[in-house]
Amino acid sequence: MSAVADVTPAQAQAQAQRLRWRCEPFETLDVASLYALLQLRSQIFVVEQNCVYLDPDGADLHCHHLLGFDGEGRLQAALRLVPPGLKYGEASMGRVVTSAAVRGSGVGHALVAQGLRESARIHPGHGLRISAQAHLQRFYEAHGFRAEGETYLEDDIPHIEMSRGAPSAA
């Protein structure tokens, strides 16, 4: 995701309703969805951000993947939900990505909001810890994350660790 857009909660909700969300474990992803996921991540993280790194890092196999498809069936947004203990003691969200075509429209906010709901469902009672690109700190703060520590380089991109407590039981 690029720069933080000033999107109202109502705009983000409208975008969320325009996408068809699927959240499933890696082993149930169909080949076309997996291909679209890897293609979107490569387009943004490797090509657009000019960052050479190995995206398929082995963690995907153990994660749930949230996919947001538009009305024409194109993948526009995705993230992976990492179980507690795989990357951090807490659950995590990672590989958060939106296509260039939908940036600034609220899809990124809708994606993270949906990811938070799915994480609470899949990993109840767990908080979240993320490694966020530093320029997106305000974006994640809008979703209840708080920065911890100093920025650091990950794949030559400034990042900051952020956390969010477990949702309260209603």
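The values are calculated or read from the model by the stated rules, or taken from the named source; none is laboratory data. This one's a predicted model, so the numbers in the text were calculated from it and none came from an experiment. For neighbour counting, all protein chains shown are included, and Cβ atoms are generated from backbone atoms with ideal geometry for every residue, glycine included. Surface accessibility is based on the protein's heavy atoms, side chains included, excluding ligands, DNA and RNA. Shrake-Rupley method; radii C 1.70, N 1.55, O 1.52, S 1.80 Å.
The criterion of at least 1 residues that are under 19 Å from GLY144 (Cα atoms) is met, among strands (runs of 3 or more DSSP E) falling completely within the stretch 18-128, by 75-82, 92-98.
Annotation note: Cβ proximity below 6 Å between a residue of the stretch 83-105 that is free of Cβ contacts under 8 Å to residues at least 60 places away in the same chain and more than 11 Å from GLY115 (Cβ to Cβ) and a residue that is assigned to a strand (DSSP E or B) and open to solvent by 20 Å² or more (accessible area, probe 1.4 Å) (sequence gap 6+ or interchain) occurs for TYR88/ARG129.
So that you can scan it fast, the table gives a plain yes or no per residue for (1) under 16 Å from SER163 (Cβ atoms); (2) among the basic types (Lys, Arg); (3) touching a residue at least 40 places away in the same chain (Cβ under 8 Å); (4) open to solvent by 60 Å² or more (accessible area, probe 1.4 Å):
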{"position": "GLN76", "(1), (2), (3), (4)": "no, no, yes, no"}
{"position": "ARG80", "(1), (2), (3), (4)": "no, yes, no, no"}
{"position": "ALA113", "(1), (2), (3), (4)": "no, no, yes, no"}
{"position": "TYR140", "(1), (2), (3), (4)": "yes, no, no, no"}
{"position": "GLU150", "(1), (2), (3), (4)": "yes, no, no, yes"}
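If you filter the stretch 25-53 down to residues that are open to solvent by 30 Å² or more (accessible area, probe 1.4 Å) and among the charged types (D, E, K, R), you find that the one that is modelled with the lowest pLDDT is GLU48. I'd like the residue in the stretch 98-144 that is among the β-branched types (Val, Ile, Thr) and touching a Leu at 6+ places or on another chain (Cβ under 8 Å) and, out of all such residues, is farthest from PRO84 (Cα to Cα). If we take residues in the stretch 98-144 being among the β-branched types (Val, Ile, Thr) and touching a Leu at 6+ places or on another chain (Cβ under 8 Å), then VAL107 is farthest from PRO84 (Cα to Cα).
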